[in-house]
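Following: one structure in structure tokens, then a few remarks.
Read-outs throughout are calculated quantities, based only on the coordinates presented, and are distinct from any laboratory measurement. Note that the structure is a prediction, hence the values are computed from the model and not measured. Cβ atoms come from the backbone with ideal geometry, glycine included; neighbour counts cover every protein chain shown.
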Amino acid sequence: MTDNAGTRRPPVLILDDERDMCELVADVGDDMGFATQWCDNFEDFACRYSIDLRGIFLDLAMPGMDGIEIIRFLGDNNSAAHLVLMSGHDVHVLDAARRLAEGRGLKVAGVLHKPFVLADLAALYDILAAVDDPIRPAVAERAASRYVPDAAALDAALAQGHVTPYFQPKFGVADRMVKGAEVLARWIDPDRGIIGPDQFIPLAEKEGLIERLTGTIIDQALDQCRAWRGQGIQPRIALNLSPLSLRNLDLPEVLLRKVTSRGLFPDTITLEITETALMSDYTASLDVLTRLRMRRFGLSIDDFGTGYSSLKQLQHGPFTELKVDQAFIAKALVEEGSLAIVESSVQLGHRLGMKVVAEGVETEAQMAMITGLGCEEAQGYLLGRPRPAEAFEWE
Ligand code: C2E
Ligand code: CA
Ligand code: CA
């Protein structure tokens, strides 16, 4: 997003259920030097949303989508973007929406009453060009040097409920239907936006905060499952466990209680353990893993191919699923060695009676490759990014 002069083109996101309208608003923005993206549904919007947006064009009247809920989403995410509210409704609706947005701490650059003339649209882009870059003063400096949180900050975030689960869909390879969701932790910081787990899981493990973190993520994810079941959905989820959790001999009982007390069933829940974690203390892990399996939880070996588990350990381990690490999927079509690892992992998983999942699938070519190899499930940006529960669709 830089032009020839090296200056950054301000990013703008457009949400309208009418694609023609999206294209029109995007074309004018592109001509005026913005980097526009558009989408016609909330799911894509939630995925493309980022903290550094300069402006958001938001249609308030979309079938099956509630502009007001989107305003709430932006408020919850402390969006610094300047909003342009669009609607064919009368001006009172637009005014009410503007007040609501401002009440939630959002900035409103203006409203567009449909149908509008291009000059009005261009005038709003002029306003977006003139306002300060929202991330520059507040966030940019800190974002530029990757944020390194400390234990006190993470402790406070946990206490304030800022660490929450996102859900990434797992798809059947044959029918491309959603089979489940992997729960991935996100720290939603009011100033910094979304912080990924790579920036705080190792810290939590080092500082003795991982139990609390795991606990809150699991509780929130299970509460969400109960809510989904209330809507007639039969959710299946996968939870990531830290190697440290496997040292807790009470884990199987504690987890089972969390699950059954919400009217849920352990056979709808898979626990993902990385191959490297498994190797760190195989005997102790095996104790806990076996007892989890006896309580009918699914068990998945995550990031398979990055550790050095022996065939014997795999053969005797109680695993139900093998996830081929995304690094091998990424390189398999350009590097013989990676393809060989993917192929043999799939075969090994199948020979030992496990379901095989390919993760990090980003292209149709990779999808075709794993289909040919017989993987059962796929996960990756091609099919769906991690997203908050409100934006997750089971069908
Ligand atoms: P993971 O379990 O291997 O999770 C998959 C990671 O790959 C996620 O990163 C996901 O966002 C990302 N990803 C998914 N599809 C694609 C794709 O197509 N391309 C690319 N390039 N990446 C993709 P994320 O969310 O940053 O998580 C990183 C790691 O943090 C996870 O790796 C997992 O090991 C750990 N983690 C996440 N949530 C938790 C948690 O609640 N507890 C524990 N203990 N660990 C967690
Ligand atoms: Ca995982
Ligand atoms: Ca993985």
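Scattering from region 216-363 was approximated by placing one identical point on each alpha carbon and applying the Debye formula without solvent; log10 I(q)/I(0) at 0.18, 0.21 1/Å stands at -1.06, -1.28.
Dipole magnitude for region 218-363: computed about the Cα centre from +1 point charges on Lys and Arg Cβ and -1 point charges on Asp and Glu Cβ, it is near 760 debye.
Residues of region 202-244 with the amide nitrogen closer than 14 Å to a label point 7 Å from the Cα of ARG296, along Cα-to-Cβ, please. Backbone N within reach: none found.
What is the distance in Å between the Cα centroid of region 151-167 and that of region 51-81? After rounding, the separation between the Cα centres reads 23 Å. Across region 11-136, C-alpha contacts under 8 Å between residues 6 or more apart give a mean separation that, scaled by the residue count, equals a relative contact order of 24 percent.
Taking the chain as a Gaussian network of alpha-carbon nodes connected by springs under 10 Å, the highest mean-square fluctuation of the residues VAL361, VAL254, VAL178 belongs to VAL254. Using only side-chain charges placed at the Cβ, +1 for Lys and Arg and -1 for Asp and Glu, the dipole size of region 1-74 relative to its Cα centre rounds to 480 debye. Only helices reaching 15 angstrom along their own axis (Cα) with mean Kyte-Doolittle hydropathy no lower than 1.0 count here, and for the DSSP H runs of the chain these are 118-130. Ranking of LYS331, LYS179 by neighbouring Cβ atoms within 10 Å, starting from the fewest: LYS331, LYS179.
When the convex hull of its Cα atoms is viewed from all sides, the chain shows a mean projected area of 21.4 nm². Farthest toward the positive end of the dipole of region 148-391, out of ILE233, ILE194, ALA378, is the Cα of ILE233, where the dipole comes from beta carbon charges about the Cα centre.
Among HIS316, HIS113, HIS82, HIS92, a tally of other beta-carbon atoms within 10 Å of each Cβ gives an order, fewest to most, of HIS92, HIS316, HIS113, HIS82. Taking the Cα centre of the chain as origin and assigning +1 to Lys and Arg Cβ atoms and -1 to Asp and Glu Cβ atoms, the resulting dipole is close to 1380 debye. The label point for ILE127 and the one for ARG99, both projected 7 Å from the Cα toward the Cβ, are 1.8 nm apart.
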